[in-house]
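Encoded as structure tokens, the structure appears first; notes follow it.
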Amino acid sequence: MAKRLILLAGNIGAGKTSLTERIGEKLGWVSAYESVADNPYLPDFYENMEAWSFHLQIYFLGHRAKQHIHLSELSQSAILDRSIYEDAHIFARALNHMGNLSDRDYQAYLRLYSLVVDGLPKPDLLIHLQAPVPILLERIRRRARSIEASIDEAYLNLLARFYSEWIETFDLCPVLTIRSDDLDFVHRSEHLEIVVERINDLLAGREEMVF
């Protein structure tokens, strides 16, 4: 198969990292992940979101663009557990909606974002993971990450709405939407096989699927 760049997208707790790991292992692809441990703005952001939202989004934009370009230039196929596109269409939008990112800063960010993404190689496939908000909350609480302690149902519902609106207009590449509460690709190998089969179908040019 030709070299491919696959991106995952989805709400917090949807299963992006787990699926990235397993697809990478199954197909022998390079797997890449969102890094938060070395993010110099996160501690300040969680102390004062209004003061540091713009700085954080600019950092993520540069970091994800560099990661996207690096993976696209590899000779091997690669899969990434979060797309650069979600930064603008989901998370920066949510920060603006909640009053933590001013309209002025939001518009300045969007102008820079557009310049950056217009020069990026297009992905070959976007995998959109979905799950009901109560399931997402349960998973978030079970993994008990300190940086996710403040996440509540209202925020996840807001993100879910923004994801739905974004996916409806996303046209850079084919989209495979997966309900991660229906398919247990972590513990059931036959479910992972179903996902891999659908990925191969889309990459081979067969019809877009939702399951």
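Any read-out appearing in this document is the output of simple, stated calculations on the displayed coordinates, not a laboratory observation. All values derive from a computational prediction rather than experimental measurement. Note that each Cβ is placed from the backbone with ideal geometry, even for glycine, and that neighbours are counted across all protein chains shown.
A few comments on the model shown:
- Using the rule -39500 (n - 2.57) for each DSSP H run of four or more residues, divided by the residues of the chain, the 222 nm mean residue ellipticity is -16000 deg cm²/dmol.
- Amide H contacts for THR177 (H built 1.01 Å from N in the peptide plane; partners 5 or more residues away or on another chain; cut-off under 5 Å): HIS128, MET209, PHE211.
- At R0 = 25 Å, FRET efficiency that the Cβ-Cβ distance of ARG145 and HIS97 yields, to 0.05: 0.60
- Stretchable slack from ASP182 to SER35, in nm (0.36 nm times residue separation minus alpha-carbon distance): 50.2 nm
- Rounded Å value of the spacing that divides the Cα centres of segment 17-78 and segment 116-180: 14
- Largest GNM mean-square fluctuation among SER189, SER77, SER146, using the chain with Cα springs under 10 Å: SER146.
- Highest mean packing first, where packing is the average number of other Cβ atoms within 10 Å per residue, the peptides 32-38, 180-186 line up as 180-186, 32-38.
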